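One structure below.
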Amino acid sequence: MDFLTRYSSQILGITRIIVGLLFLEHGLMKLVGFPAAMGAHPLPPLMLAAGIIEVVGGGLVALGLFSRCAAFVCSGQMAVAYFIAHFPRGIYPALNGGDGAILFCFIFLYLAAAGPGAFAINNK
């Protein structure tokens with residue numbers, strides 16, 4: 001698949017944007033109920049903190065602004081979320097609902113290591 005090698009920076013940038021927007025959407029659901037409400041209001045403190053990290057972190061990652069730091073924080077938040085909310089329900093991610101949290105965790109960890117790719121505001 002050498003033909004994709006020359007587009008690796010653009011593919012990384014598009015992946016970063018999509019993952020950031022998906023994470024932002026999860027935060028918006030917690031904080032403002034858009035596109036659908038998630039959880040009870042007022043939110044418990046951990047859910048409120050998670051929503052803030054998801055909105056701010058997802059937005060920064062999508063824009064490519066301080067994306068390495070933001071992705072690292074988002075990765076950590078997803079690791080904590082998995083072990084607090086999903087792992088107690090069982091060991092298998094497909095059964096405990098934690099497969100999304102694990103995917104977000106490791107994609108954000110990769111973005112923190114690899115950098116933002118193309119289309120980033122501060123491409124460093």
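Note on the chain: dipole from Cβ charges, positive end direction compared against Val32, Val56, Ile102; the farthest Cα belongs to Val56.
Contact order for the chain, expressed relative to its length and based on alpha carbon pairs under 8 Å spaced 6+ residues apart, stands at 31 percent. Taking the Cα centre of the chain as reference, the dipole from Cβ charges on Lys and Arg (+1) and Asp and Glu (-1) amounts to some 180 debye.
Placing dummy labels 7 Å off each Cα toward the beta-carbon, the span from Ala40 to Gln10 is 5.0 nm.
Relative to the longest principal axis of the Cα atoms of the chain, helix 67-81 runs at roughly 30 degrees.
Against the chain, whose longest principal axis is taken from its Cα atoms, helix 45-63 shows a tilt of about 20°. Cβ crowding within 10 Å ranks Asp2, Asp99 as Asp2, Asp99, fewest other Cβ atoms first.
Peptides 69-81, 86-98 ranked from most to least packed, by the mean per-residue count of other Cβ atoms within 10 Å: 69-81, 86-98. In degrees between 0 and 90, to the nearest 10, how far off the longest principal axis of the chain does helix 8-31 point, with axes built from Cα atoms? Its long axis makes an angle of about 20 degrees.
No value in this document is a laboratory result; all are computed from the given coordinates. Just so it is clear, the structure is predicted and the values come from calculations on it, not from any experiment. Cβ sites come from the backbone with ideal geometry, for glycine too, and all protein chains shown count toward neighbours.
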